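Participant: A single structure is presented below for examination.
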Amino acid sequence: MQDQATPTPTLNRRRLLAATAALGASALPVLAQSKVVLRISSPAVPEDWHAKMWTVFKDNLEKSAPGEFDVQINLNASLFKQGAESAAMARGNLELSTLSSFDIAKFVPAFSVFTAGYMVRDPAQQQKIFQGPIGTEMFKLVSEKMDVTPLATAYLGTRQLNLREVRNVKTPADLKGVKLRMPGSKEWLFLGEALGATATPLAFGEVYLGLKTGTIDGQDNPLPSVRAAKFYEVTKQIVLTSHLVDSLFIAISNKSLAAMTPAQRQKVTAAAQAAAAFNNENRIKEEAQLVEFFRKEGLQITTPDLDAFHKSVQQSYQNSDYAKAWPAGLVERINAVR
């Protein structure tokens with residue numbers, strides 16, 4: 001009977017190396033899975049500050065928690081279409097996105113106070129409101145009812161009126177009969193009527209032609225949107241009504257948040273706040289520069305009686321069904337924030 005060959009030391013070493021390599025390869029997915037995956041869905045285009053802020057978020061996390069997170073940024077609504085993000089986060093199918101006050105108000109009626117005209121005076125007050133007790137209370141409602149938690153407030157812009165023909169606009173009465181394009185929801189149309197105009201729903205993509213042909217007499221948007229869509233080519237005046245200081249809230253799925261350690265939650269929150277601060281600083285700077293840009297393009301820039309607009313618009317809301325959903329005393333508390 002022939003003896004079984006004894007493996008040589010060299011062969012043993014080869015087998016050991018092969019086994020170690022195989023073990024290492026099988027361990028790679030485990031190592032990859034140990035990172036916390038944060039998928040971000042945003043409708044913003046890459047040039048927008050609201051898109052660029054996500055890179056700030058990612059870079060901030062890489063510095064504060066190297067190797068702990070896998071941040072995946074998806075712009076242009078390529079992962080989830082605009083409006084579907086909150087449901088996806090509630091189901092745990094998405095970790096992070098931005099939500100508007102209008103998005104949140106659908107689920108948290110009390111939040112509709114922030115869709116009302118002249119409720120927030122300026123970006124500075126906006127930040128004080130949401131970083132203070134009011135923000136804490138409202139964000140708690142959002143977390144309880146939507147299964148998402150707002151982490152930071154990003155400034156979306158201050159909406160102004162942009163008119164096809166020059167008018168002497170001092171009070172809401174001066175907008176009587178003006179066909180003012182507004183987004184199609186009832187909340188937006190109510191705001192247009194409260195401003196004194198005849199609110200006219202029209203898709204954003206049709207606004208330029210509508211202004212050019214006279215189908216509409218004006219539109220409202222933050223100044224960066226006016227430039228980006230080139231509405232200044234078919235209008236002659238911007239009225240600085242500043243009727244809505246709009247917000248975007250960087251929000252995270254409660255399911256994702258619960259799976260993190262306390263230290264990780266703190267780092268993610270800090271990254272979100274750094275991203276919002278980056279956006280806010282650049283958005284405010286851009287808006288200030290755009291007034292001069294539009295002047296050079298030949299548009300008349302006028303400022304109405306803002307007190308008259310403020311009182312008239314807030315009275316319209318206070319007498320509406322929207323106000324019935326607002327907690328008692330909330331409007332007074334917001335107005336008192338300085």
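The values are calculated or read from the model by the stated rules, or taken from the named source; none is laboratory data. No experiment lies behind these values; they were computed from the predicted model shown. With ideal geometry, Cβ positions are generated from the backbone for all residues, glycine too; neighbour counts draw on all protein chains shown.
Participant: Among (1) in a helix (DSSP H, G or I); (2) of a type in the set (S, T, N, Q); (3) surrounded by 14 or more Cβ atoms within 10 Å (Cβ to Cβ), there is one condition Gln289 misses while meeting the rest; what is its number?
Facilitator: Among (1) in a helix (DSSP H, G or I); (2) of a type in the set (S, T, N, Q); (3) surrounded by 14 or more Cβ atoms within 10 Å (Cβ to Cβ), the lone unmet condition for Gln289 is (3).
Participant: For region 252-286, enumerate the residues that are surrounded by fewer than 18 Cβ atoms within 10 Å (Cβ to Cβ) and among the basic types (Lys, Arg).
Facilitator: If the condition is that a residue be surrounded by fewer than 18 Cβ atoms within 10 Å (Cβ to Cβ) and among the basic types (Lys, Arg), then Lys255, Arg265, Lys285 are the ones that fit.
Participant: Only one of these conditions is not met by Glu47: (1) touching a residue at least 60 places away in the same chain (Cβ under 8 Å); (2) farther than 26 Å from Glu137 by Cα. Which number is it?
Facilitator: Glu47 satisfies every listed condition except (1).
Participant: How about region 197-254: which of its residues are closer than 14 Å to Leu180 by Cα and among the aromatic types (Phe, Trp, Tyr)?
Facilitator: Phe204, Tyr208, Phe231
Participant: Answer yes or no as to whether Ile301 is among the hydrophobic types (A, V, I, L, M, F, W, C) and farther than 21 Å from Arg39 by Cα.
Facilitator: yes
Participant: Filter region 293-332 down to residues that are aliphatic (A, V, I, L, M) and over 19 Å from Leu141 (Cβ atoms) and give me whichever is surrounded by the fewest Cβ atoms within 10 Å (Cβ to Cβ).
Facilitator: Among those residues, the one meeting the criterion is Ile301.
Participant: Among the residues of region 302-338, how many are closer than 21 Å to Gln126 by Cβ, among the polar types (S, T, N, Q) and part of a loop (DSSP other than H, G, I, E, B)?
Facilitator: 1
Participant: A further question follows. Looking only at region 140-153, count every residue that is in a helix (DSSP H, G or I) and crowded, with 21+ Cβ neighbours inside 10 Å and tell me the total.
Facilitator: Result for region 140-153: 2.
Participant: Would you say Leu189 is under 21 Å from the mean Cα position of the chain (by Cα), at pLDDT below 95 and closer than 19 Å to Asp103 by Cβ?
Facilitator: When the stated conditions are applied, Leu189 passes them.
Participant: Of all the residues that make up region 298-337, how many are touching a residue at least 40 places away in the same chain (Cβ under 8 Å) and closer than 19 Å to Thr158 by Cβ?
Facilitator: 17
Participant: Right, here's the next one. Picking from Phe231, Phe249, which residue would you name as being within 30 Å of Ala275 (Cα to Cα), surrounded by 17 or more Cβ atoms within 10 Å (Cβ to Cβ), among the hydrophobic types (A, V, I, L, M, F, W, C) and within 19 Å of the chain's Cα centre (by Cα)?
Facilitator: Residue meeting the stated conditions: Phe249.
Participant: Restricting region 59-83 to residues that are in contact with a helix residue (DSSP H, G or I) (Cβ under 8 Å, 6 or more places away or on another chain) and in a helix (DSSP H, G or I), which is surrounded by the most Cβ atoms within 10 Å (Cβ to Cβ)?
Facilitator: Per the stated criteria, the residue is Leu61.
Participant: Can you find a residue in region 53-69 that is more than 23 Å from Asn254 (Cα to Cα) and under 17 Å from the mean Cα position of the chain (by Cα)?
Facilitator: Looking for residues that are more than 23 Å from Asn254 (Cα to Cα) and under 17 Å from the mean Cα position of the chain (by Cα), one finds none in region 53-69, hence no.
Participant: Still on this structure, I have one more. Which members of region 88-132 meet the condition of being assigned to a helix (DSSP H, G or I), at pLDDT 95 or above, polar (S, T, N, Q) and buried (at least 17 other Cβ atoms within 10 Å of the Cβ)?
Facilitator: Listed by number, the residues that qualify are Gln126, Gln127.
Participant: If you scan region 132-158, which residues turn out to be in contact with a helix residue (DSSP H, G or I) (Cβ under 9 Å, 6 or more places away or on another chain) and within 23 Å of His310 (Cβ to Cβ)?
Facilitator: If the condition is that a residue be in contact with a helix residue (DSSP H, G or I) (Cβ under 9 Å, 6 or more places away or on another chain) and within 23 Å of His310 (Cβ to Cβ), then Ile134, Gly135, Met138, Thr153, Tyr155, Leu156, Gly157, Thr158 are the ones that fit.
Participant: Tell me, which residue of region 201-224 that is farther than 20 Å from Gln126 by Cα and of a type in the set (S, T, N, Q) is surrounded by the fewest Cβ atoms within 10 Å (Cβ to Cβ)?
Facilitator: Result: Thr213.
Participant: Do you know which residues across region 180-195 are crowded, with 22+ Cβ neighbours inside 10 Å and in contact (Cβ under 8 Å) with a residue 40 or more places away in the chain?
Facilitator: Within region 180-195, Leu180, Leu191, Ala194, Leu195 qualify.
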